[in-house]
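Undergrad: Handing you a structure now.
The values are calculated or read from the model by the stated rules, or taken from the named source; none is laboratory data. As the structure is a computational prediction, the values presented were derived from the model and not from experiment. Here Cβ is always computed from backbone atoms with ideal geometry, including for glycine, and neighbour counts include all displayed protein chains.
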Amino acid sequence: MSKETRIVGVLITDRQKEAGKVQNVLTKYGCSIKTRLGLHEVTDDASSTSGLLLLELTGDISEMDKLDNELNVVEGIQTQKMIFVD
């Protein structure tokens with residue numbers, strides 16, 4: 001049986017408005033998230049309204065699909081994925 005690892009990029013266009021919804025989805029599927037990296041621009045005066053999350057997913061493929069599907073339901077979210085198969 002082959003093993004799949006996914007890297008998912010999540011673009012959040014309005015962090016103030018959508019961060020809570022995204023966090024709820026990530027918490028729900030926390031067992032599938034091996035690594036999480038958040039990127040957004042920060043200056044002395046303010047931080048960017050948009051942000052990018054990089055997620056390394058592992059485990060059950062159907063759970064990875066559910067996570068991706070639920071993120072894409074949130075308004076202002078775009079996802080892209082890379083899939084690696086051993």
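Undergrad: Taking the residues in segment 47-76 that are part of a strand (DSSP E or B) and under 11 Å from Arg15 (Cβ atoms) as candidates, determine which candidate is farthest from the chain's Cα centre (by Cα). Before the answer, list the steps.
TA: Taking segment 47-76 as the starting set, the residues that turn out to be part of a strand (DSSP E or B) are 47, 51-57.
Narrowing further to those that are under 11 Å from Arg15 (Cβ atoms): 47, 51-53.
On the way: Ser47: 19, Gly51: 11, Leu52: 8, Leu53: 5 Å.
Step by step, filter segment 47-76, then rank; the result is Ser47.
Undergrad: When you check Thr5 against the structure, is it over 20 Å from Gly76 (Cα atoms) and surrounded by 14 or more Cβ atoms within 10 Å (Cβ to Cβ), yes or no?
TA: On the way: over 20 Å from Gly76 (Cα atoms): yes; surrounded by 14 or more Cβ atoms within 10 Å (Cβ to Cβ): yes.
When the stated conditions are applied, Thr5 passes them.
Undergrad: Please specify each residue of segment 20-46 satisfying the condition of being among the small types (Gly, Ala, Ser) and free of Cβ contacts under 8 Å to residues at least 24 places away in the same chain.
TA: If we filter segment 20-46 for residues that are among the small types (Gly, Ala, Ser), which is where we start, we get 20, 30, 32, 38, 46.
Listed by number, the residues that qualify are Gly20, Gly30, Gly38, Ala46.
Undergrad: So, one more: Looking only at segment 33-47, filter to residues that are surrounded by 10 or more Cβ atoms within 10 Å (Cβ to Cβ), out of contact with any His (no Cβ under 8 Å at 6 or more places or on another chain) and at pLDDT below 95; which one of those is farthest from Asp68 (Cα to Cα)?
TA: It comes out as Glu41.
Undergrad: Ok, one more. Give me a count of the residues in segment 22-46 that are over 24 Å from Ile61 (Cβ atoms) and either in a loop (DSSP other than H, G, I, E, B) or over 11 Å from the mean Cα position of the chain (by Cα) (or both).
TA: The initial filter retains those residues of segment 22-46 that are over 24 Å from Ile61 (Cβ atoms), namely 38-46.
In the following step, the residues that additionally are either in a loop (DSSP other than H, G, I, E, B) or over 11 Å from the mean Cα position of the chain (by Cα) (or both) were identified as 39-46.
The number of residues fulfilling the criteria is 8.
Undergrad: Considering only residues that are more than 13 Å from Lys66 (Cα to Cα) and modelled with pLDDT of 95 or more, look in segment 8-21 and name the one that is surrounded by the fewest Cβ atoms within 10 Å (Cβ to Cβ).
TA: Looking at the filtered set, the residue picked out is Gly9.
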